[in-house]
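What follows is one structure encoded as structure tokens, with my remarks underneath.
The values are calculated or read from the model by the stated rules, or taken from the named source; none is laboratory data. Keep in mind the model is a prediction, meaning the values are calculated, not measured. We place every Cβ from the backbone using ideal geometry, glycine too, and count neighbours over all the protein chains shown. With ligands, DNA and RNA removed, areas are computed over all heavy atoms of the protein, side chains included. Shrake-Rupley method; radii C 1.70, N 1.55, O 1.52, S 1.80 Å.
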Amino acid sequence: MKRLLRSFTALACALALVLSLSGPACAAGDLFFSACNDSVVALSDGTMPTWSGGVLYAPSSLFDGSNNTRVSFDISFSYNRSSGQATLFNTRQFLTFDLDDNTCYNALTGEYLNGRAILRNGRVYLPVALVCSFFGLSYSVISMEEGSMLRIKNSAVGLPDGKFVEAASNLIARYIREYNQANQSAAAPGVRPPTSGGSQADPELPIEEEPDTAGSVPVYLGFRCDQDQGLEEVLDALEARNKAAVFFFPAEKLERLDDLLYRILGSGHSVGLLAEGSDLAATRRLLEEGNQVLERVGYTRTTLALVPESQRAALEGEGWVCWNETASAVPQEGVGASSYASGVIRSIPARSQRAYLTLDAGSDSARVLPTLLQRLESRSYAVSVPLETRL
């Protein structure tokens with residue numbers, strides 16, 4: 001009898017364990033779904049919107065199509081950890097968030113806007129109302145029995161909110177099952193939005209800080225883009241190590257490289273003009289032509305310029321921010337990457353407070369750049385973001 005009682009007790013415990021595992025991992029109402037137009041985003045902790053300080057934030061993937069719906073609203077997203085800049089952009093607009101300064105601005109006009117981005121678990125979250133207003137989108141927060149749903153919409157949206165939730169009910173139920181199965185061992189439920197009685201903001205996680213570079217010598221990289229066979233590979237190498245540079249284009253190259261220009265601007269790099277006229281008047285004309293093309297193609301202007309050394313002082317007096325080269329780092333054809341990097345570092349004068357290295361955008365630069373970046377970092381040179389206000 002005792003053995004039989006122990007068997008029943010064990011069976012009851014096993015059944016209780018199975019029931020506890022098959023039940024919901026989250027209480028009803030705690031889940032916060034996302035949707036793009038008429039598509040529900042697969043549910044995970046990384047897709048849920050969140051509230052902070054009474055402001056509704058959504059992960060960047062909700063706007064750029066990197067979620068499972070692939071609805072991008074024709075918007076791209078770039079985040080450069082080195083510069084702390086996150087940018088949403090298309091062919092007409094650039095919205096930049098500086099996570100280090102907690103600011104936001106229109107990168108084409110320079111106008112500062114009332115908003116900021118935040119980091120949660122390594123992901124960039126953007127203020128929904130600001131982004132939607134900037135790019136001409138709309139949004140709604142829908143209350144459901146299962147929780148809430150943030151729905152981002154453009155003119156291609158089909159169903160009204162009520163009909164959409166009704167049509168998506170089976171998919172929502174499936175996503176809840178999949179989410180609970182994946183999070184059976186997790187203790188924390190999803191994020192509940194504040195009620196109408198007041199906005200109780202969730203405690204904000206600390207912003208991830210960049211490694212301390214105190215004592216490092218700032219190094220700025222500038223690329224001449226009169227040769228561009230390796231430009232795309234140069235961008236890949238910089239982005240692989242989260243580094244930024246300034247790219248100097250002659251006017252005639254800007255229109256032909258419009259796709260790469262958008263990538264450069266959207267990735268936190270800077271764009272300047274390469275103008276090497278035979279005299280000061282000729283250089284002025286080239287700079288103005290370059291800005292006209294840049295405004296037409298890239299919807300922006302610049303004051304960054306790479307000009308002949310003899311003309312720098314005069315142009316700086318007119319408001320141009322001229323590249324002050326410390327050393328030429330244009331590699332020779334076929335040079336070994338290690339020998340090249342060592343030579344560049346030796347060319348930086350001892351006790352320099354900062355250094356400006358000029359490369360080209362050719363195939364050899366693309367080949368040796370990863371080694372140069374690694375070697376600079378190992379020697380306590382901090383590759384810094386070249387901004388018009390910083391050079």
With a cut-off of at least 2 residues that are closer than 27 Å to residue 353 by Cα and among the hydrophobic types (A, V, I, L, M, F, W, C), name the helices (runs of 4 or more DSSP H) lying wholly within region 251-328.
312-317
(1) hydrophobic (A, V, I, L, M, F, W, C); (2) open to solvent by 20 Å² or more (accessible area, probe 1.4 Å); (3) assigned to a strand (DSSP E or B): which one isn't true of residue 71, the others all being true?
(3)
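For every residue, the table says whether it meets (1) more than 20 Å from residue 224 (Cβ to Cβ); (2) of a type in the set (Lys, Arg); (3) touching a strand residue (DSSP E or B) at 6+ places or on another chain (Cβ under 8 Å).
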{"site": "315", "(1), (2), (3)": "no, no, yes"}
{"site": "341", "(1), (2), (3)": "no, no, no"}
{"site": "353", "(1), (2), (3)": "yes, no, yes"}
{"site": "363", "(1), (2), (3)": "no, no, no"}
{"site": "372", "(1), (2), (3)": "no, no, no"}
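Please enumerate the residues belonging to region 32-70 that are β-branched (Val, Ile, Thr), in contact (Cβ under 8 Å) with a residue 40 or more places away in the chain and more than 18 Å from residue 127 (Cα to Cα).
Residue satisfying the conditions is 40 alone.
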Take the residues in region 284-313 that are of a type in the set (Ser, Thr, Tyr), out of contact with any strand residue (DSSP E or B) (no Cβ under 7 Å at 6 or more places or on another chain) and within 30 Å of residue 89 (Cβ to Cβ); name whichever of them is least open to solvent (accessible area, probe 1.4 Å).
300
If the requirement is being modelled with pLDDT of 90 or more and not β-branched (Val, Ile, Thr), which of these qualifies: 339, 352, 378, 384?
339
Can residue 89 be described as in contact with a Gly (Cβ under 6 Å, 6 or more places away or on another chain), farther than 20 Å from residue 151 by Cβ and of a type in the set (Phe, Trp, Tyr)?
yes
Of everything in region 123-163, what is over 29 Å from residue 106 (Cα atoms) and within 31 Å of the chain's Cα centre (by Cα)? Give them in sequence order.
142, 143, 147, 148, 158, 161
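On the given criteria, is residue 379 touching a residue at least 40 places away in the same chain (Cβ under 8 Å) and either open to solvent by 50 Å² or more (accessible area, probe 1.4 Å) or among the polar types (S, T, N, Q) (or both)?
Against the criterion (touching a residue at least 40 places away in the same chain (Cβ under 8 Å) and either open to solvent by 50 Å² or more (accessible area, probe 1.4 Å) or among the polar types (S, T, N, Q) (or both)), residue 379 does not qualify.
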Here are 63, 32, 77: which of them is at pLDDT 85 or above, under 30 Å from residue 384 (Cα atoms) and not in a helix (DSSP H, G or I)?
77
